[in-house]
Amino acid sequence: MIVIWIIIALCGICSLILLSGRGSIFIAGYNTMPKEDKEQYDEKKLCRITGAGMLVITILTAILETFGEKIPDWFWIFYAVLVILIAVGIMILSNTICKIKENIGSKKKRYNKVVICVIAASMVFSGLIMGIVFSKGKIEITVSASHLNIEGYWWNDYEIKTEDIEKIELTENFQAGTRTNGFSGATLLQGEFENEEQGAYTLYAYKDCKAYIILHTKKGDVVINEKTEKETRELYHEIEKTLK
């Protein structure tokens, strides 16, 4: 998905700027501190630590987007846990090696700790949201006399006119191939794919279901399924009945 790659690219650029010891404006919370509070921190260290954490998350997100359909389920858990650990690590390091001086018992100390906690909490929350987005999802397929509608999850909906369906087949021997565009997660495969049998085709499917419906249409092949093999077979017979 182009939008996701634009976001990944921007995050990568921000990470590199922070790693150079500059770009503190990208650090939420710190960039709004009064000047006297900022003087309590080693700005270059804070930027580099934040940049390092951000770069790791960016690289992992790029891996997920590139190999989404081939990534094992354990990698998604690893990704979510690592994001949380990085957030906690940044919070700890920001309050230790990045501090130049502390006024014990002062309001500034309490204020800075609150700000750092807010930053860390924001990163943890963002990580959890990303984890939920990538690990959940539902594809809804409805069949009518004139259309077959597919509602994607964080991806474009798709509509097929029944008159454009030339042939339909049910198979349990199907290889998704490589995604060229789309949005996939821990449970779903969506978007434009390529494999040896279909060439370029459109896919909306659940990873755990081994049954697939191949719709040969005038605009190219579209492959779909439901959460279970039973539901996929039922959908196949429903489409077949509608076409007849």
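What follows is calculated from the coordinates using simple rules that are stated; it is not laboratory data. Everything numeric here is computed off the predicted structure, so don't read it as measured data. So basically every Cβ, Gly included, is an ideal-geometry build from the backbone, and we count neighbours across all protein chains shown.
For residue 67, project a label point 7 Å along Cα to C-beta. Then give me every residue of the range 133-176 with its amide nitrogen under 17 Å of that point.
Taking a point 7 Å out along Cα→Cβ of residue 67, the residues of the range 133-176 whose backbone N falls under 17 Å are 176.
If we count every other residue with Cβ under 14 angstrom of residue 173's Cβ, Lys/Arg +1 and Asp/Glu -1, where does the sum land?
Local charge sum for residue 173: -4.
Provide the net charge surrounding residue 19, with neighbours chosen by a C-beta distance below 14 Å and charges set as Lys +1, Arg +1, Asp -1, Glu -1.
After counting each charged neighbour, the total is +3.
Between residue 82 and residue 219, what is the FRET efficiency for a Förster distance of 45 Å, r being their Cβ-Cβ separation, to the nearest 0.05?
0.65
In a shell of Cβ-Cβ distance under 14 Å around residue 219, excluding residue 219 itself, what net charge do Lys and Arg (+1) and Asp and Glu (-1) give?
-3
Taking other Cβ within 10 Å of each residue's Cβ, how do 229, 234 sort, fewest first?
The order, fewest Cβ neighbours first, is 234, 229.
For the peptides 51-58, 35-42, 217-224, what is the packing order when you average, over each peptide's residues, the other Cβ atoms within 10 Å and list the highest mean first?
51-58, 217-224, 35-42
Quick check: pseudo-label points 7 Å beyond the Cα along Cα→Cβ at residue 231 and residue 97, how many nm apart are they?
With each label placed 7 Å out from Cα toward Cβ, I get 4.8 nm.
Once you place label points 7 Å from the Cα toward the Cβ at residue 208 and residue 175, how far apart are they in nm?
2.5
Label points 7 Å out from Cα along the Cβ direction at residue 6 and residue 75: separation in nm?
A separation of 2.6 nm, rounded to one decimal place.
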